[in-house]
Amino acid sequence: MVTGERARYWQYSELPGVDLLHAHYVRKAFARHTHESFVFAAITDGVEAFHYRDDLVHAGPGQIALVNPDTPHTGHAGVPEGWTYRTIYPDAELIRSIAADTIALRGDVGFTDPVVDDPYAAQLVIGVHRAAEEGNALAADSLLRLVTARMLRSHGGRIAPLAPRSAGARNAARARAVLEERMIDPPTLERLAADLGTSPFALLRAFRDAYGMPPHTWLTDARVRRARHLLDTGTAPAEAAVTVGFTDQSHLNRHFVRSVGVPPGAYQRSRGGAGSLGGAAGTRTGGAGTRTGGAGTRGARTYKTAGGRGT
């Protein structure tokens, strides 16, 4: 197993709508968070444990952790030596198009199980990474579609429509809208509840039931997600931090690492990178802008993650 924590979060330009993460974590603990994309995480060594909705599940070698968009989950080592995985994050529109093309499902589709024991599918996820690292666009795109179709056929389906909303659910939705609008200066729970005509504890319960986390946790997650969009457009991390309501860049760094797995600066610099995980921490494995394979790949950086749980 790889020693020391390493993580690379990047994009391959020939796979639009897909992010990739190759990481080894030992002490890393992901806070409860969500993704706008799907998550296919192929475990290659060790065991990852994560809370998925109300269950604690484990994934080991030959298994894939599957997470639907906007689904709260955590992540931490399930064994003392940690875990290594290769993850792909395909956007929802790509999954919908593949579902419509392969299994005649249209609309909102998703996966029914958070962990799938399928070594062949896990190898397909690994193959997507390796093809991208080599600059093999045809193989990367083909393998991505093959593993997605396989997972949809075995563990996919339409996402059940929401039940009719109760008064509590309506209040939760209104509270979420207020927090989205007032991300920089959110109200207290007491003020938010009073403005909605309910009690703080009733709103807390309704919000957790609707979104899988309390309002303050949801707000942190929403700030990180908005910061990612700003970083993607070239906004400096320090400016992004203040824009979304964090006190400073260090505040953003702490929460960004707990949700994304790498610091915001590393995330922003590595979006076009590729390469193997084994490079020295904090060093370039191919030099900035150096081609490592075919079209669309560039030299990547490997980053040592912050030590200690919850950083």
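The values are calculated or read from the model by the stated rules, or taken from the named source; none is laboratory data. All figures in this text were calculated on a predicted structure; none of them were measured in a lab. So basically every Cβ, Gly included, is an ideal-geometry build from the backbone, and we count neighbours across all protein chains shown. For the accessible areas, the whole protein counts, side chains as well, though only heavy atoms, and no ligand, DNA or RNA atoms are used. Shrake-Rupley method; radii C 1.70, N 1.55, O 1.52, S 1.80 Å.
The phi-based Karplus calculation (6.51 cos²θ - 1.76 cosθ + 1.60; θ = phi - 60°) puts the 3J(HN,Hα) values of the stretch 180-195 at 5, 6, 10, 4, 7, 10, x, x, 5, 4, 5, 5, 4, 5, 4, 5 Hz, whole numbers, x for Gly and Pro. Sequentially through the stretch 220-230, phi angles give Karplus couplings (6.51, -1.76, 1.60; θ = phi - 60°) of 4, 4, 5, 5, 5, 4, 5, 4, 4, 4, 5 Hz, Gly and Pro residues having no value and appearing as x. Working note: Karplus 6.51/-1.76/1.60 with θ = phi - 60° gives the stretch 260-265 the couplings 9, x, 9, x, x, x Hz, where Gly and Pro are set to x.
Residues in the stretch 118-249 average 53 Å² of solvent-accessible surface per residue, probe 1.4 Å, ligands and nucleic acids excluded. Take every Cα pair under 8 Å whose residues are at least 6 apart in sequence, average their separation, divide by the length of the stretch 1-139, and the relative contact order is 28 percent.
Among the GluC sites (Glu not before Pro) within the stretch 1-66, which fall in a DSSP loop and have no more than 15 other Cβ atoms within 10 Å of their own Cβ?
Glu36
With bins 5 Å wide beginning at 0, the percent of Cα pairs of the stretch 119-222 falling in each bin runs 2, 11, 17, 13, 8, 6, 9, 11, 12, 7, 3, 0. Counted by Cβ distance under 13 Å from Pro214, the other residues give a net charge of +2, where Lys and Arg count +1 and Asp and Glu count -1.
Taking the Cβ-Cβ separation of His229 and Arg254 as r and a Förster radius of 22 Å, what is the calculated FRET efficiency to the nearest 0.05?
Details: r = 19 Å, r/R0 = 0.87.
Efficiency, rounded to the nearest 0.05: 0.70.
In this structure the amide hydrogen of Gly78, modeled in the peptide plane, comes within under 5 Å of the amide hydrogens of Val47, Glu48, Ala49, none closer than 5 places in sequence on its chain.
Over the stretch 31-130, the reciprocal of the mean inverse Cα-Cα separation, the Kirkwood hydrodynamic radius, stands at 13.9 Å.
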